[in-house]
Amino acid sequence: MNMPWIIAAIVGLLVAAIAIEAYVKRNKRRTLSQSQPQMRNGNRKKVELGQEATDLDLVEQAIKQNQLLEDVGRRFSSRNAK
């Protein structure tokens, strides 16, 4: 075989491998919320004084609500994407 044919075959195999990998991974998206660490519920000490003690429950409620809304949105978006 000639050297140009060998190089063309290697380039062709490389392009085929890239195309196969892209096809396999095409619908696997990872959202930002999936890469966040899990919340620790019982390990945090309650702060008795200061603004932190009054606002933490409201913040935790907002976080839970946002996660719920994101899960619902992800369900509907994955149904429409197919």
Modelling each spin label as a point 7 Å along the Cα-to-Cβ direction, I'd like the residue 67/residue 6 distance in nm, to one decimal.
5.7 nm
J(HN,Hα) series, region 56-72, from Karplus relation 6.51 cos²θ - 1.76 cosθ + 1.60, nearest Hz, glycine and proline x
5, 5, 5, 5, 5, 5, 5, 5, 4, 5, 5, 5, 5, 5, 5, 4, 5
If you add up the charges near residue 34, with Lys and Arg at +1 and Asp and Glu at -1, over every other residue whose beta carbon is less than 12 angstrom from its beta carbon, what do you get?
+2
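The numbers here are math on the coordinates, done by the rules we state, and not lab data. This one's a predicted model, so the numbers in the text were calculated from it and none came from an experiment. Don't worry about glycine lacking a Cβ; one is built from the backbone with ideal geometry, like all the others, and counts go over all protein chains shown.
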